[in-house]
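Colleague: Before I ask anything, here is the structure I am working with.
The values are calculated or read from the model by the stated rules, or taken from the named source; none is laboratory data. Since the model is a prediction, treat every value here as computed from it, not as a measurement. Cβ: placed from backbone, ideal geometry, glycine included. Neighbour counts: every protein chain shown. In case anyone asks, the SASA skips ligands and DNA or RNA and just uses the protein heavy atoms, side chains included. Shrake-Rupley method; radii C 1.70, N 1.55, O 1.52, S 1.80 Å.
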Protein chains: 2
Amino acid sequence: MAIGAGIEQGGRVGDRLTVGVAARLSRYLQVLTQAKKDGRERISSQEISEYTNINATQIRRDLSGFGKFGKRGVGYSIDGLIAEIRKILRTQGQHNIALFGAGRLGQAIANSTVFADHGFNIAAVFDVDASKVGQPIGKTVVGPYADMKDAIREKNIIVGVLAVPPAAAQAVTNDLVDAGVKIIFNYSEALLNVPADVTVHTTNPAAELLYALYFYLT
Amino acid sequence: MAIGAGIEQGGRVGDRLTVGVAARLSRYLQVLTQAKKDGRERISSQEISEYTNINATQIRRDLSGFGKFGKRGVGYSIDGLIAEIRKILRTQGQHNIALFGAGRLGQAIANSTVFADHGFNIAAVFDVDASKVGQPIGKTVVGPYADMKDAIREKNIIVGVLAVPPAAAQAVTNDLVDAGVKIIFNYSEALLNVPADVTVHTTNPAAELLYALYFYLT
């Protein structure tokens with residue numbers, strides 16, 4: 001199960017994938033999952049390239065590294081690739097996440113299938129607004145924020161998703177860190193201070209647009 | 001205004017930044033903008049590193065490449081860096097964007113300051129649902145989808161943001177391409193077919209979570 005791309009591009013450090021390979025595999029997985037939802041059974045490296053902006057040669061090299069070879073004019077089996085990549089990323093099965101904030105953004109997230117499609121179950125949603133507590137949201141019900149630490153322990157929640165106002169984000173982060181959560185997905189754009197063993201992913205749509213705009217303008 | 005990082009890391013191709021440098025500058029800009037909103041005046045490379053997960057040495061090299069040097073114990077002037085990076089990215093000024101879809105996600109986007117903070121003005125919002133047309137959203141009013149091509153021309157819209165259901169995304173994309181829009185920001189997760197001169201950015205929160213999860217689990 002060695003990653004062929006590792007030799008030139010990084011690959012594994014010890015028994016881990018490098019960040020570059022893991023990031024690319026995650027992107028392939030997203031495209032493959034969406035293609036499967038669209039009813040597709042096979043996909044070519046060229047198509048994956050068009051959807052990810054990753055070079056098709058790089059894609060073929062990454063996939064051949066774990067024994068997957070596309071057939072010319074036929075492409076790769078989507079189901080086969082999804083299973084293999086999830087095995088390599090060790091992210092098979094269901095993972096419970098908690099969502100903080102049941103406003104417009106929180107509702108959009110809870111009602112989207114984007115996380116469920118990749119094995120993430122929104123197991124709990126919290127808000128500090130008493131008028132929202134008890135209301136249905138997605139497949140669950142908004143819980144009172146005071147219950148968050150118990151819920152994180154009982155439901156084995158490993159990711160906290162922040163859809164709260166920027167001014168509230170650090171306080172929720174501190175509580176998540178106290179509760180032992182190591183991955184925070186930050187939709188608030190606030191800058192968050194966390195210990196070194198906690199990973200924060202902040203969404204950056206405007207940064208991505210500026211980046212696209214630069215290449216458009218030049 | 002040469003980018004010092006260019007020698008080892010890419011830098012410029014002809015008179016353009018490489019994708020790596022442009023992507024990093026966009027990320028720095030996002031952190032700097034948020035820090036300014038938080039009332040900060042200065043920031044260190046170490047802090048930018050913590051918020052972006054980009055190596056602090058790389059950051060100092062990128063910034064020194066255009067003559068910005070942080071002072072030890074004092075850091076960089078936030079206002080100065082913002083102005084310089086926007087100049088280098090040639091993204092000063094206001095850019096008009098159009099939002100498609102006025103549902104939960106569209107409302108969350110229209111009411112967020114994330115695009116406005118970086119000079120993107122949501123100049124028009126469209127929906128096919130007649131009950132939404134005419135309703136206020138963000139700083140504008142939902143317009144009928146049939147008006148989109150006229151609005152794109154009249155308002156000089158250069159980016160289309162898709163917050164429509166996946167099944168509707170390709171049709172909107174086709175209309176945007178026909179209208180001459182070259183940058184599409186796709187919140188729908190649908191796989192979109194576009195001509196080679198059009199750039200699609202698809203949000204990938206689940207892919208980012210899988211990636212974070214991999215490093216957490218291993």
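Colleague: So which residue, out of A:ARG72, A:ARG27, A:ARG153, gets the largest mean-square fluctuation from a GNM of chain A using Cα contacts under 10 Å as springs?
Modeller: In the Gaussian network model the winner is A:ARG72.
Colleague: Let me know the charge dipole size of the protein assembly as shown about its Cα centre in debye, to the nearest 20, where only the beta-carbon of Lys, Arg (+1) and Asp, Glu (-1) is charged.
Modeller: Values: 46 positive and 40 negative charges, 185 e Å.
In debye, rounded to 20, the protein assembly as shown gives about 880.
Colleague: For the protein assembly as shown, evaluate the Debye formula with one uniform point scatterer on each Cα (no solvent term) and list log10 I(q)/I(0) at q = 0.07, 0.09, 0.12, 0.13 Å⁻¹, rounded to two decimals.
Modeller: Summing over Cα pairs of the protein assembly as shown leads to -0.35, -0.59, -1.13, -1.35.
Colleague: Could you point to the residue in A:PHE126, A:THR173, A:ILE137 farthest towards the positive end of the range A:126-218's charge dipole, with +1 and -1 charges on the Cβ of Lys/Arg and Asp/Glu respectively?
Modeller: Farthest towards the positive end: A:ILE137.
Colleague: Determine the alpha carbon to alpha carbon distance for each of B:LYS132/B:LYS155; B:LYS36/B:LYS132; A:LYS132/B:LYS132; A:LYS36/B:LYS155 and list only those over 27 Å.
Modeller: Working: B:LYS132/B:LYS155 21 Å; B:LYS36/B:LYS132 35 Å; A:LYS132/B:LYS132 24 Å; A:LYS36/B:LYS155 38 Å.
Listed pairs above 27 Å: B:LYS36/B:LYS132; A:LYS36/B:LYS155.
Colleague: Net charge near A:PHE100, counting Lys/Arg +1 and Asp/Glu -1 over other residues with Cβ under 11 Å of its Cβ?
Modeller: Local net charge: -2.
Colleague: I want to check the label-to-label distance for B:THR113 and B:LYS87. Put each point 7 Å from Cα in the C-beta direction and report it in nm to one decimal.
Modeller: Placing both labels 7 Å beyond Cα along the Cβ direction yields 2.6 nm.
Colleague: Which listed residue (A:PHE215, B:THR18, B:GLY80) has the Cα farthest towards the positive end of the charge dipole for the protein assembly as shown, taking +1 on Lys and Arg C-beta and -1 on Asp and Glu C-beta about the Cα centre?
Modeller: Farthest along the dipole direction, towards plus: B:THR18.
Colleague: Moving on to the next point. Would you tell me the mean number of C-beta atoms belonging to other protein chains that fall within 10 Å of each C-beta in B:195-207, as a whole number?
Modeller: Details: counts 0, 1, 1, 1, 6, 4, 6, 8, 6, 9, 12, 14, 13.
Average neighbour count from other chains, rounded to a whole number: 6.
Colleague: Within the set of other residues whose C-beta is less than 10 Å from the C-beta of B:ALA179, count the net charge using Lys and Arg as +1 and Asp and Glu as -1.
Modeller: On the way: positive: B:LYS149, B:ARG153; negative: B:ASP150, B:ASP175, B:ASP178.
Result for the local shell: -1.
Colleague: Pick from B:GLU50, B:GLU84, B:GLU208: which is most flexible by mean-square fluctuation in a GNM of chain B where alpha carbon atoms under 10 Å apart are linked?
Modeller: B:GLU208
Colleague: What is the average number of partner chain Cβ atoms found within 10 Å of a Cβ in A:76-89? Intermediate results must be reported in sequence, preceding the final value.
Modeller: On the way: counts 0, 0, 0, 0, 0, 0, 0, 0, 0, 1, 1, 0, 1, 7.
Mean shielding count: 1.
Colleague: Let me ask something additional. Net charge near A:ARG27, counting Lys/Arg +1 and Asp/Glu -1 over other residues with Cβ under 11 Å of its Cβ? Show your work: numbers first, answer last.
Modeller: Numbers: positive: A:ARG24; negative: A:ASP62, B:GLU208.
In short, -1.
Colleague: Let me ask something else about it. So, how do all the Cα-to-Cα distances of chain B break down into 10 Å bins, in percent, from 0 on up?
Modeller: Spelled out bin by bin, chain B gives 7, 28, 30, 24, 9, 1 percent.
Colleague: Could you tell me how many cubic angstrom of Cα convex hull volume the range B:79-173 has per residue?
Modeller: Details: hull volume 10.1 nm³, N = 95.
Expressed per residue, the convex hull around the Cα atoms of the range B:79-173 is 106 Å³.
Colleague: Additional query: For the range B:47-145, what's the relative contact order in percent, using C-alpha pairs closer than 8 Å and at least 6 residues apart? Intermediate values should be presented prior to the final figure.
Modeller: Details: 104 pairs, mean separation 18.1, N = 99.
Relative contact order for the range B:47-145 comes out at 18 percent.
Colleague: Turning to a different aspect of this structure: How big is the antiparallel share of DSSP beta bridges in the range B:81-218, given as a percent to the nearest 5? Mind showing how you got there, number by number?
Modeller: Numbers: 2 of 24 bridges.
Beta bridges within the range B:81-218, antiparallel portion: roughly 10 percent.
Colleague: Given an 8 Å cut-off on Cα distances and at least 6 residues of separation, report the relative contact order of chain A as a percent.
Modeller: Working: 319 pairs, mean separation 28.5, N = 218.
RCO, chain A: 13 percent.
Colleague: If I compute solvent accessible area with a 1.4 Å probe over the protein chains, what percent of it on the range A:128-201 is carbon and sulfur? Could you put the intermediate results ahead of the total?
Modeller: Numbers: 1920 of 3570 Å².
Whole-percent figure for carbon plus sulfur exposure: 54.
Colleague: Same structure, new question: Can you list the aspartates and glutamates whose alpha carbon is less than 17 Å from that of A:LYS87, not counting same-chain residues fewer than 8 positions off?
Modeller: A:ASP15, A:ASP62, A:ASP79, A:ASP117, B:GLU208
Colleague: Excluding same-chain residues fewer than 8 positions from A:LYS149, which lysines have a Cα within less than 18 Å of its Cα?
Modeller: Once the sequence-local lysines are set aside, what remains near A:LYS149 is A:LYS182.
Colleague: Would you mind telling me which residue in B:ASP178, B:ASP38, B:ASP127 has the biggest mean-square fluctuation in a Gaussian network model of chain B, where springs connect alpha carbons within a distance under 10 angstrom?
Modeller: Greatest mean-square fluctuation among the candidates belongs to B:ASP38.
Colleague: While we're looking at this one, here's another question. Suppose every K and R has +1 on its Cβ and every D and E has -1 on its Cβ; what is the size of the dipole of chain A about the Cα centre, in Debye to the nearest 20?
Modeller: Details: 23 positive and 20 negative charges, 175 e Å.
That gives chain A a dipole magnitude of about 840 debye.
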